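Can you keep this structure in mind? I'll have questions shortly.
Values in this text are rule-based calculations from the coordinates and carry no lab data. Bear in mind that the values here come from a model prediction, so they are computed numbers and not experimental data. So basically every Cβ, Gly included, is an ideal-geometry build from the backbone, and we count neighbours across all protein chains shown.
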Amino acid sequence: MTQRILALALAALAMMAQAPAAEPVAKEGDTYKTLPVPQPTETGSRIEVLEAFSYGCVHCFNFEPALRDWKQRAPADVQVVLLPATFQPLFKLFAGGYYAARALGVAEKTHEAVFDTVWTQGFQVQNEEQLVNLYVKLGVKREDFVAALHSPAVNAAVQAAADKATRLNVEGTPSLYVDGKYQVLLTGASSYDDIIGRLDTLVAKVRAEHHLRSKTP
């Protein structure tokens with residue numbers, strides 16, 4: 001009898017060892033928080049993942065490879081939106097550069113290159129002239145970039161970004177928001193992989209909410 005009990009116990013332990021680990025779940029106040037006022041998204045029916053960032057932020061530079069890898073494997077129902085922060089003068093300067101690059105259709109091409117040039121190559125940007133020189137170094141025509149930088153559309157985009165950051169209560173960078181309703185909490189995260197894991201669980205939560213809403217008459 002004792003041998004039979006031991007055999008059953010060993011079999012149970014083997015089954016437990018083979019069982020898949022439980023999927024992590026999003027926990028209010030632990031891995032995410034709900035925004036007081038939901039904000040409109042830019043992605044239609046797709047789940048919006050918004051990153052508030054700045055080229056002047058070394059933490060954003062360090063996090064960029066993890067987010068880039070995540071974007072490459074993100075499901076088709078997810079779209080990443082970038083929001084350049086403006087809460088200090090250097091960040092606002094870089095925000096103008098980002099929106100000027102967008103206006104010229106080169107933002108995707110220059111995004112990683114700006115991070116690399118500033119933080120790996122040590123290219124100094126403290127004023128508008130240096131910002132222009134940075135984008136010229138990356139292959140953008142000087143006169144085109146200057147014209148875009150001072151255009152009403154880019155000025156309006158920078159102001160709109162500042163207004164949106166205020167509504168989202170952006171206090172630091174990088175900051176991640178999902179579906180205009182939730183913020184990924186970075187406090188206590190042990191690594192960039194941990195942050196990405198929190199993002200994954202929150203996206204899964206939002207996907208379930210979308211599915212439930214689509215079934216509600």
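With no solvent and one equal point scatterer per Cα, compute the Debye intensity ratio I(q)/I(0) for the stretch 28-130 at 0.14 Å⁻¹ and report its log10, rounded to two decimals.
These q points yield log10 I(q)/I(0) values of -0.64.
Still on this model: Using all alpha carbons of the stretch 56-114, what is the percent of pairwise distances in each 5 Å bin, ordered from the shortest bin to the longest?
4, 16, 23, 27, 19, 9, 2, 0
For Asp163, what charge total do you get from the other residues with a beta carbon under 15 Å from its beta carbon, if Lys and Arg give +1 and Asp and Glu give -1?
+2
Just want to confirm a number: the relative contact order over the chain, from Cα pairs under 8 angstrom separated by 6+ residues, in percent.
Averaging sequence separation for qualifying contacts and normalising by length gives 32 percent for the chain.
Quick check: the distance between the Cα centres of the stretch 168-217 and the stretch 48-85, to the nearest angstrom?
That distance is 13 Å.
While we're looking at this one, here's another question. Sorted from largest down, what three extents in whole angstroms do the Cα atoms of the chain have along their principal axes?
Over the chain, Cα extents along the principal axes are 88, 48, 28 Å.
Based only on the alpha carbon positions, what is the Kirkwood hydrodynamic radius of the stretch 139-186, in angstrom?
12.9
Please state, as a whole number in µm²/s, the translational diffusion coefficient that the Stokes-Einstein equation yields for the stretch 161-203 at 37 °C and 0.692 mPa s, with Rh defined as the Kirkwood radius across alpha carbon pairs.
For the chosen part, D equals 295 µm²/s.
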